[in-house]
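Notes to accompany the following structure.
The values are calculated or read from the model by the stated rules, or taken from the named source; none is laboratory data. Note that this is a predicted model, so its numbers are computed, not measured. Neighbour counts are summed over all protein chains in view; Cβ atoms, including those assigned to glycine, are modelled from backbone coordinates with ideal geometry.
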Amino acid sequence: MKVAGFSFVRNAIKYDYPIIEAITSVLSICDEFVIAVGKSEDDTLNLIKSINSTKIRIIETVWDDTLREGGRVLALETDKALRAISLDCDWAFYIQGDEVVHEKYLNEIKDAMLKWKDNKAVDGLLFNYRHFYGSYDYIADAPNWYRKEIRIVRPSVDIFSYKDAQGFRKLNNKVLNVKPVNAYVYHYGWVKKPEVMQLKQENFNKLWHDDSWMEKNIPQKEQFDYSSINSLSAFNETHPEVMKNRIEHSNWKFDFDLSYKNYSIKDRFKIFFEKLSGYRIGEYKNYKII
């Protein structure tokens with residue numbers, strides 16, 4: 001079995017992306033790793049080059065910043081990396097610049113890839129998600145946070161990154177047929193210094209919206225207000241080993257009252273129904289479990 005990892009990144013230092021941790025968290029089960037590095041305002045290219053592995057293959061790209069609708073440019077950059085994967089690979093493991101996989105799941109993931117490698121009806125593998133928020137001690141648990149997404153696909157020309165690169169589709173805009181993996185992706189996109197998080201909000205949302213929307217919805221200020229979240233739960237497990245140094249050197253503090261639940265009536269009903277049935281009403285599912 002041959003496995004390729006792939007990702008994309010730009011301005012990783014400026015916006016404090018754990019891209020090194022993301023790549024190295026899956027590198028041991030990959031035979032190669034293709035990373036599309038966009039032309040940056042910082043030293044992102046040399047940061048990626050500093051990874052001491054012959055598996056890494058860098059392709060340098062230029063983002064189309066005129067695309068300001070739905071985060072489309074992120075999918076295009078993802079596809080650049082996906083299309084550069086060696087043709088003889090059986091699987092392609094996608095990891096975004098703010099996602100990390102705990103080492104305790106690597107054997108489970110590898111076993112799943114081996115199990116379904118020769119079953120061509122399986123287009124990809126589906127992962128669970130933990131979304132960290134504010135600090136490394138809290139997880140966002142409201143119904144609007146996605147619980148699952150595809151992160152391993154067959155490196156076929158028929159499969160492409162969908163919308164803002166959260167997931168994948170295949171030709172004729174069909175969803176992928178997937179098998180679930182008993183593993184989590186740890187998403188750290190909402191864990192940054194408050195001033196860096198604010199800077200990211202003011203710039204990254206330009207990939208989705210025009211200037212008038214930005215003026216109305218993203219106020220310019222010095223720090224992002226993490227306290228506006230409606231609900232969090234405590235994280236009492238271990239983080240991936242590759243995140244240890246980053247977590248130890250985090251230099252801001254965020255505290256949250258876990259008893260605080262600012263839910264709408266609609267959300268309260270969704271949560272109540274989910275606890276009874278295990279089904280989440282209105283959940284976005286860009287895949288078909290077979």
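Hey, can you tell me all the residues within segment 62-80 that are touching a strand residue (DSSP E or B) at 6+ places or on another chain (Cβ under 7 Å) and either crowded, with 17+ Cβ neighbours inside 10 Å or within 16 Å of G5 (Cα to Cα) (or both)?
Hits for segment 62-80 are W63, A75, E77, T78, D79, K80.
Among the residues of segment 161-175 satisfying the criterion of being without any contact (Cβ under 8 Å) to a residue 40 or more places away in the chain and among the polar types (S, T, N, Q), which is farthest from D65 (Cα to Cα)? Reasoning before the result, please.
Taking segment 161-175 and keeping what is without any contact (Cβ under 8 Å) to a residue 40 or more places away in the chain, we get 171-174.
Among the residues that remain, those that are also among the polar types (S, T, N, Q) are: 172-173.
Details: N172: 27, N173: 25 Å.
It comes out as N172.
Wholly within segment 176-290, which helices (runs of 4 or more DSSP H) include no fewer than the required count, namely at least 3 residues that are touching a Pro at 6+ places or on another chain (Cβ under 7 Å) and surrounded by fewer than 16 Cβ atoms within 10 Å (Cβ to Cβ)?
Ranges flagged: none.
Kindly list, by first and then second residue, each pair from a residue in segment 276-290 that is modelled with pLDDT of 85 or more and charged (D, E, K, R) to a residue that is part of a loop (DSSP other than H, G, I, E, B) and surrounded by 10 or more Cβ atoms within 10 Å (Cβ to Cβ), limited to pairs with Cβ atoms under 6 Å and residues at least 6 apart or on different chains.
Filtered contacts from segment 276-290: K288/V175.
Can you pull out the residues in segment 149-208 that are touching a strand residue (DSSP E or B) at 6+ places or on another chain (Cβ under 9 Å), closer than 20 Å to R246 by Cβ and among the β-branched types (V, I, T)?
V185, V191
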